[in-house]
Structures are given as C-alpha cells and as structure tokens.
Amino acid sequence: MSAISSLVVFDLDGTLIDSRRDLAESTNEMLATYGAPPLPIDRVAMMVGEGAKKLVQAALAAVGLDPQEPDALARFREIYDRRLLLHTRPYDGIGDVLRELASARRLAVLTNKPDAPTNRLLAAFDLTKYFRVVIGGDASWPRKPDPAGLDAIMRDEDATAASTWLVGDSMIDVETARNAGTRVCVALYGFGQARGELVLRPGEATARTPRDVLQIVQGHRP
C-alpha cells in the first residue's frame, strides 16, 4: 500500500454527492412556513458546510427573521428528511473512483451532516460498502474544521497525517486538513467554493472532476 495515500477521507455534500438543490429547496420550504420569500439556490449553497443549525440560522438571517427562531431547525430537518433523495445524486464518476481507490486504500467519510441522513444517502447510492468509517456532524466529535474527527479516523485506521488525504469542497475542509496536518484535495466541481473564501497554499491540490481526485491521490496530478 502506498505510504503517500493509505487513507482517504471524504467530505459528503459537494464532494461525493450533489445535494445543492434538495438542501436549497428544503431551506426555502422552511422559510415559507414563516411567510418568508425564497432564496436563490446559489445563495443557500453558500451557507452549506457547517451543519444544519448554521444553515438554518444563516437562511433566517438572510430574510430578516430571528436566526434563533426556536422551531426552525426542527422544521428544516422534517422537510429535508422528506426531500433528501428527490434530486440529490452522486457526482458523475464517483462510484468508479471509490471502487478503484478502495481496492488499495482505506476510505472514510467525515461530514458535518448528521449521521442519519448521511447514512441514508450513502446507502441509497450503494456507497456505504466503500467506507470503513463514517462520522457525521452529530457524532461525539466536534464538527469540522475541528480536527478531532479526522484525528480519530487516523487513529482507528492506524494512519499517519502524512499518509492521509482529506478530500472536500470548501475552506472548512482545507482548515480541517491543516489543523490535522494531512494532505488536502479540494473538489472544485462541488459547491463549497460558492462561499467565496477558497485561499490555498502551495501543495494543496484541486480537482476539477472526481477522476482528478483519483489521479491526485494516486500521485499523478492531472
């Protein structure tokens, strides 16, 4: 097994799956229950990445409502649970990339999305089988960019930071990798960069397609 990339840890939304439309439409349905107008999909995408609570608070604030509205998170979760699989799909080629990587490397998922929808999505697209560990945003570890979840995965898999890649689509993932000392690959095909804060250092890789992720992790930059 290559010491360069013995462990590859993936983010979920914007990296493995394109969930932008379902997240945005669920957010707008939640806002509609308060009589608020919808937000553009791209604007909601900018709010994704730090977990459902932060998404809901940001959306409420964006339409002039109290971001601490007591029932809003529960409303969003009920709506999103119903809409979870309406439009969400893996990015083209993700299945092939995971299949090839899993033949020689250990794979895991680290996401700020809660465990239940994370596991439902992975199972729905037959992706669960590729991952040895899946850590969601309501696990016992703090959410990204805190490195605790990534550190735990490396300990469980007996991997070093130097032999680990974190693949994600936003600065949250970049900061997580920096905090843990791992390599990082940013999925430019995802929607995390919509936040407008992507500032990389030399050696931090970018991938324009899922196939690029495979080549980068294998040591062949596209």
**Of all residues making up the stretch 146-182, the number that are surrounded by fewer than 21 Cβ atoms within 10 Å (Cβ to Cβ), within 24 Å of Glu197 (Cα to Cα) and not aliphatic (A, V, I, L, M)** = 5
**Prompt:** Among the numbered criteria (1) touching a strand residue (DSSP E or B) at 6+ places or on another chain (Cβ under 9 Å); (2) among the β-branched types (Val, Ile, Thr); (3) without any contact (Cβ under 8 Å) to a residue 24 or more places away in the chain, which single criterion is violated by Ile41?
**Reply:** (1)
**Asked** From the list Leu188, Leu214, which residue is under 23 Å from Asp96 (Cβ atoms) and in contact (Cβ under 8 Å) with a residue 40 or more places away in the chain?
**Response** Leu214
**Asked** Being among the aromatic types (Phe, Trp, Tyr), surrounded by 21 or more Cβ atoms within 10 Å (Cβ to Cβ) and in a helix (DSSP H, G or I), is that true of even one residue in the stretch 60-78?
**Response** yes
**Asked** Which of the following residues is in contact with a Gly (Cβ under 8 Å, 6 or more places away or on another chain), among the aliphatic types (A, V, I, L, M) and either assigned to a strand (DSSP E or B) or over 24 Å from Leu23 (Cα atoms) (or both): Val199, Val213, Val186, Val174?
**Response** Val186
**Prompt:** Mind checking which residues of the stretch 102-144 are buried (at least 19 other Cβ atoms within 10 Å of the Cβ) and among the β-branched types (Val, Ile, Thr)?
**Reply:** Val109, Thr111, Thr118, Val134, Ile135
**Request:** Using the structure shown, decide if Asp138 is of a type outside the set (A, V, I, L, M), under 24 Å from Lys53 (Cα atoms) and in the same structural domain as Arg201 (by TED's automatic domain parsing).
**Result:** yes
**Message:** Anything in the stretch 132-143 that is assigned to a loop (DSSP other than H, G, I, E, B) and free of Cβ contacts under 8 Å to residues at least 60 places away in the same chain? List them, or say none.
**Reply:** Arg132, Gly136, Asp138, Ala139, Ser140, Trp141, Pro142
**Fill in**
Filtering the stretch 104-137 for residues that are closer than 23 Å to Gln215 by Cα and of a type in the set (Lys, Arg) leaves a count of 4
**Request:** Looking only at the stretch 40-52, count how many residues are closer than 10 Å to Thr27 by Cα and surrounded by fewer than 19 Cβ atoms within 10 Å (Cβ to Cβ).
**Result:** 1
**Request:** Could you please find all residues in the stretch 187-204 being farther than 19 Å from Gly95 by Cα, of a type outside the set (Asp, Glu) and surrounded by fewer than 19 Cβ atoms within 10 Å (Cβ to Cβ)?
**Result:** Arg195, Gly196, Leu198, Val199, Leu200, Arg201, Pro202, Gly203
**Item:** Failed item, numbered, when Arg99 is tested on (1) within 16 Å of the chain's Cα centre (by Cα); (2) loosely packed, with under 15 Cβ neighbours inside 10 Å
**Value:** (1)
**Request:** Considering every residue within the stretch 155-172, establish whether at least one is at positive phi, without any contact (Cβ under 8 Å) to a residue 40 or more places away in the chain, out of contact with any Phe, Trp or Tyr (no Cβ under 7 Å at 6 or more places or on another chain) and not small (Gly, Ala, Ser).
**Result:** yes
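The values are calculated or read from the model by the stated rules, or taken from the named source; none is laboratory data. Note that the structure is a prediction, hence the values are computed from the model and not measured. Glycine also receives a Cβ, built like all others from the backbone with ideal geometry; neighbour counts cover every protein chain displayed.
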